[in-house]
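Single-structure report; data block below.
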Number of protein chains: 2
Amino acid sequence: MSDLEQISLELEARGYRVTPSRRAVIAAILARKNHFAADELAKRCRGAGRATVFRTIRLLNDLGVVCRVLMDDGSPRYLVSRSGHHHHLVCTECGTVQDLDQCAVSGALREIADASGYEIEGHWLELYGRCAACRAKAAVSA
Amino acid sequence: MSDLEQISLELEARGYRVTPSRRAVIAAILARKNHFAADELAKRCRGAGRATVFRTIRLLNDLGVVCRVLMDDGSPRYLVSRSGHHHHLVCTECGTVQDLDQCAVSGALREIADASGYEIEGHWLELYGRCAACRAKAAVSA
DNA sequence: GGCCGAGTTGATACTAGGTCTCAACTGAGA
DNA sequence: TCTCAGTTGAGACCTAGTATCAACTCGGCC
């Protein structure tokens, strides 16, 4: 079963209609190799209007099909990603984004909660750096 | 020495002029008890235009006088805060923001760097939860 | 004092990244 | 077939800024 079909089934299972516009947006998203800006997708995606593209991205975000990444310049991007709680490693050179399996702060949260009196409900973490490939490239050219 | 004077001196030391507009923006910022939106400040601050308010906030951000906090709904706010690397604990109920002394991820970063091959250069972390006061209030009213 | 030039200002236009509105369309079920 | 909720796209609008540019300010120099 293709990813498109899988996502369509997921949408139907949640009571959403799988319309041509939504299929177009999903196909456009799946065609992207790495992250994308919502507006850029709206421009490329001839099969759906801007509002529909934004709505569909939000829908897929709720479904856990895509997730939002904040780049180091603060601009938001979207990424086809696994669902559930995870974080991202963003390469500041080539822009690739890598999922992080473990949650780097889960251990520290309890400590912080104890110290501050807060009941911590959520957190937002992005890591920025240079990926192995870019480092290797830099080492060769240096 | 008042905070306003201290910041003015800091600006002068860096070669910036301390103009009436800047003093008005700084005074308006210092008058805020908690975080504020840049646009909201621009509306309240009669002594300076919108562009100047945004420029001054950026300047103070560079100086480390204020810092940017991302609320849990994604909207940016500014906060008079200590300079240097630190994170924030945002109360999702009353909106107060508390500085976090320790960096919760510094320990985990090396591990992640080793596992991923990334050279980690920076990170962005915000924590969201309910502060002690809001929890106490909820416990009483329950 | 007058001049110069860099720094600063505010109005305004513009941009990115979205959300809201609303009339029109669609499609599943009665 | 009718109905009605879900969906759509155009376009207006919003927030959070940045860019532009002519005008202003101020310190230093003659």
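The values are calculated or read from the model by the stated rules, or taken from the named source; none is laboratory data. Being a predicted model, the structure only gives us computed values, none of them experimental. For neighbour counting, all protein chains shown are included, and Cβ atoms are generated from backbone atoms with ideal geometry for every residue, glycine included. Note: areas computed on protein heavy atoms with side chains; ligands, DNA, RNA excluded. Shrake-Rupley method; radii C 1.70, N 1.55, O 1.52, S 1.80 Å.
Evaluating A:L100 against the criteria (1) modelled with pLDDT of 90 or more; (2) in contact with a helix residue (DSSP H, G or I) (Cβ under 9 Å, 6 or more places away or on another chain); (3) outside the structural domain of A:A28 (by TED's automatic domain parsing) leaves one unmet condition, (1).
When region B:39-55 is examined, which residues are found to be away from DNA strand C (no atom under 12 Å from the Cβ) and buried (at least 19 other Cβ atoms within 10 Å of the Cβ)?
Looking only at region B:39-55, we keep the residues that are away from DNA strand C (no atom under 12 Å from the Cβ), and these are B:40-41, B:44.
Across region B:39-55, the qualifying residue is only B:L41.
Counting only helices (runs of 4 or more DSSP H) that sit wholly inside region A:45-142, those with at least 2 residues that are more than 30 Å from A:L9 (Cβ to Cβ) and more than 8 Å from chain B (Cβ to nearest Cβ) are A:106-116, A:132-141. Residues in region A:24-50 that are touching a helix residue (DSSP H, G or I) at 6+ places or on another chain (Cβ under 7 Å), within 13 Å of DNA strand D (Cβ to nearest atom) and charged (D, E, K, R): A:R50 alone. With respect to being outside the structural domain of B:R135 (by TED's automatic domain parsing) and either within 14 Å of the chain's Cα centre (by Cα) or farther than 29 Å from A:G122 by Cα (or both), B:V69 fits the description. Screening B:A108, B:A104 for residues that are more than 16 Å from DNA strand C (Cβ to nearest atom), without any contact (Cβ under 8 Å) to a residue 12 or more places away in the chain and open to solvent by 10 Å² or more (accessible area, probe 1.4 Å) leaves exactly one candidate, B:A108.
Taking region B:1-44 only, how many residues are of a type in the set (A, V, I, L, M, F, W, C), farther than 24 Å from B:V90 by Cβ and not in a helix (DSSP H, G or I)? Selection size over region B:1-44: 2. Look at (1) under 19 Å from B:G74 (Cα atoms); (2) surrounded by fewer than 19 Cβ atoms within 10 Å (Cβ to Cβ); (3) more than 9 Å from DNA strand C (Cβ to nearest atom) and you find that A:C94 fails only one, number (1).
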